[in-house]
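To start, the structure under review is shown below, and the notes come after it.
Only the coordinates and a few stated rules stand behind these numbers; no lab work does. Source: prediction; values computed, not measured. Don't worry about glycine lacking a Cβ; one is built from the backbone with ideal geometry, like all the others, and counts go over all protein chains shown.
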Amino acid sequence: MQVRHCEECFPATKQSSLTQEIASQKTLAMTQAFWTTYFAAIIIPYAAYIVYVGGDWSVGRFFVPLLPFFYLLFSTGLGDLWKMLVETRLGNWGKAGQYAGAIVGILLATLLFVASSWNGEYGIYIRSFDAGRATQARETMGRWLKANVPRSTLIAVDAAGQVPYFSELPTIDMFGINDLHIGRLQVATLGQGTPGHEKFDLVYVITRQPEYVVIFGTLLDSVKEYERAPVEWTNDPALQKFLTLYRRKP
């Protein structure tokens, strides 16, 4: 009697377990759909905004806030693609099909890395222009100014990032992101040049009489009010090639 009772209950238990598994899969699918939609709702408008404003010129930094969401969506897509192609369509091939799918996936990931990262970001901003070394140069310059220049000294820079931060000196942003006059300049060809580098007013900067000017290149060699500062802000030739320090003539 007891054995018969267990035999009658076993199908119900199996049915209940199957129902729970189906419900769990539905819940997982709904959760994945929700977060996928949410992440897409973050990425698409912000990416469209980046395109609308003309993008950026340096190391893809505008896209950094999007990367965590993108990688999560990308990995989810890879998982779904694997299930669709390898487990379903190539599943009939057995282990050979799964191995083939894995090899193809690795090749595609490698091609994407080479095209996007190695020949893209790394090729443009590291091999052609060493952004990391430029950052080190500006940090070194900022620290030197902080240690060797009075706190009230006005300086001007072409990249108002590391140098003002580490020097803690009042600074004129020569590209106008932090300057009302330059930032509000009307440029007829705006949008046709390098993003963030199209507004510039050297005459205005000179009239502000900054004691030091820190720039990439030698633009102020032809400006009579300034001369190259006869100081050694670093003894590293690799850093010296990124920045030129000018001082106002007495």
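In what sequence do ARG133, ARG138 fall when counting other Cβ within 10 Å, fewest first?
ARG133, ARG138
Given labels modelled 7 Å from the Cα in the Cβ direction, how far is it in nm from LEU107 to THR36?
Here the answer is 2.6 nm between the modelled labels.
For the residues LYS249, LYS199, what sequence is obtained by ranking on other C-beta atoms within 10 Å, fewest first?
Final ranking by Cβ density, sparse to dense: LYS249, LYS199.
Full extension from ARG184 to GLU225: what is 0.36 nm times the residue separation minus their Cα-Cα distance, to one decimal in nm?
Taking ARG184 through GLU225 to full extension adds about 12.2 nm, to one decimal.
Give me P(r) over segment 187-250, computed from all C-alpha to C-alpha distances, binned every 10 Å, as integer percentages.
Binned Cα distances yield the sequence 18, 42, 30, 9, 0.
Can you put PHE39, PHE74 in order, fewest other beta carbons within 10 Å first?
PHE74, PHE39
Express in % the proportion of alpha carbon pairs of segment 131-248 at distances exceeding 24 Å.
In whole percent, the share of Cα-Cα pairs in segment 131-248 beyond 24 Å is 23.
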